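Colleague: Mind looking over this structure? Questions follow.
FYI, it's all coordinate maths here, none of it is from the lab. Treat the numbers as computed from the prediction; the structure is a model and nothing was measured. All Cβ positions, glycine included, derive from the backbone under ideal geometry; neighbour counts span all protein chains shown.
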Amino acid sequence: MKGLVFVELLKMVDAAFGEDKVDEVLDSVLLPSGGSYTAVGYYECAELVTLVDAFSRLSGISKPDLERQFGHWLMGAFKTGYPEVFEKYVTAFDMLEAIENDIHVEVRKLYPDAELPSFNAIKNADATLDLEYTSKRPLAHFCYGLVEACFTKYGETAEINMNDCSSDGRGHATFHISPSVSNVDV
């Protein structure tokens, strides 16, 4: 998993709880990397899961909620780091529909060894979107946060229903996304 994800998780927790708490958690868990991450490095997802577990215990925030919050945080980092990607799409729906066949194609050009999740997007006649997420990594709630944050970044709202079908340490979720009335042209 790309080190940027780890670096941003530590930044989020530092912003919320301070550097001392980050250090306390890093000292309390056994991590193959030793808890030292670079944005360009690659690390096992199991380390991220270990960190989320530890920060969940520290904060009292449930793991699913912490993952969702992190999805929001990371979307902000993506918007700051890659504004041209967000400029390419007019709406959050446009961006979500383009993940697999456009955005991930570009990511693979930059990082050919990246193990990305898979997204299957189906736009329905009633303007809703069905989005299926599958991954080797158990991060469905993190994905949920990214989807929610996508709408926030575009100044839109939507009703997002997630069905977490994850099992055996793999992430799998389906999302049914309906535009809010204020987003639909009348």
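Colleague: With aliphatic (A, V, I, L, M), touching a His at 6+ places or on another chain (Cβ under 9 Å) and surrounded by fewer than 18 Cβ atoms within 10 Å (Cβ to Cβ) as the only criterion, which of Leu58, Leu116, Leu66 stands out? Walk me through how you get there before you give the answer.
Modeller: Numbers: Leu58 fails: touching a His at 6+ places or on another chain (Cβ under 9 Å); Leu66 fails: surrounded by fewer than 18 Cβ atoms within 10 Å (Cβ to Cβ).
Within the list Leu58, Leu116, Leu66, the selection yields Leu116.
Colleague: Keeping to the range 35-58, report how many residues are in contact (Cβ under 8 Å) with a residue 24 or more places away in the chain, closer than 21 Å to Gly76 by Cβ and either assigned to a helix (DSSP H, G or I) or among the acidic types (Asp, Glu) (or both).
Modeller: Of the residues in that region, 4 qualify.
Colleague: Please go through the range 136-163 and pick out each residue that is farther than 17 Å from Met1 by Cα, within 10 Å of the chain's Cα centre (by Cα) and among the small types (Gly, Ala, Ser).
Modeller: Those that are farther than 17 Å from Met1 by Cα, within 10 Å of the chain's Cα centre (by Cα) and among the small types (Gly, Ala, Ser): Gly145, Ala149.
Colleague: Could I ask something else about it? Does any residue in the range 115-129 that is farther than 13 Å from Ser178 by Cα and touching a residue at least 60 places away in the same chain (Cβ under 8 Å) come within less than 9 Å, Cβ to Cβ, of a residue that is part of a strand (DSSP E or B) and among the basic types (Lys, Arg) six or more places away or on a different chain, and which pairs are these?
Modeller: Close Cβ pairs satisfying both conditions: none exist.
Colleague: Okay, next question. Given the conditions (1) part of a helix (DSSP H, G or I); (2) surrounded by 18 or more Cβ atoms within 10 Å (Cβ to Cβ), which single one is not true for Phe86?
Modeller: Result: Phe86 passes all but (2).
Colleague: A further question on this structure: Counting just the residues of the range 1-19 that are more than 20 Å from the chain's Cα centre (by Cα) and assigned to a helix (DSSP H, G or I), which one comes out nearest to Gly76 (Cα to Cα)? Talk me through it step by step, then tell me what you get.
Modeller: Quick first cut of the range 1-19, residues more than 20 Å from the chain's Cα centre (by Cα) only: 17-19.
Right, trim to assigned to a helix (DSSP H, G or I) and you get 17, 19.
Numbers: Phe17: 19, Glu19: 20 Å.
Residue satisfying both the conditions and the ranking: Phe17.
Colleague: Let me ask something additional. Is one or more of the residues making up the range 20-34 in a helix (DSSP H, G or I), buried (at least 19 other Cβ atoms within 10 Å of the Cβ) and in contact (Cβ under 8 Å) with a residue 40 or more places away in the chain? Don't jump to the end; show me each part of the working.
Modeller: In the first step, residues of the range 20-34 are kept if they are in a helix (DSSP H, G or I); the result is 20-28.
Next, from what is left, pick out any that are buried (at least 19 other Cβ atoms within 10 Å of the Cβ): 22, 25.
Narrowing the set further to residues that are in contact (Cβ under 8 Å) with a residue 40 or more places away in the chain leaves none.
No, every residue in the range 20-34 fails to be in a helix (DSSP H, G or I), buried (at least 19 other Cβ atoms within 10 Å of the Cβ) and in contact (Cβ under 8 Å) with a residue 40 or more places away in the chain.
Colleague: On to the next question. Which condition number does Tyr133 fail, the rest of (1) more than 14 Å from the chain's Cα centre (by Cα); (2) aromatic (Phe, Trp, Tyr); (3) buried (at least 19 other Cβ atoms within 10 Å of the Cβ); (4) closer than 26 Å to Ser180 by Cβ being met?
Modeller: Here Tyr133 meets the rest and fails (1).
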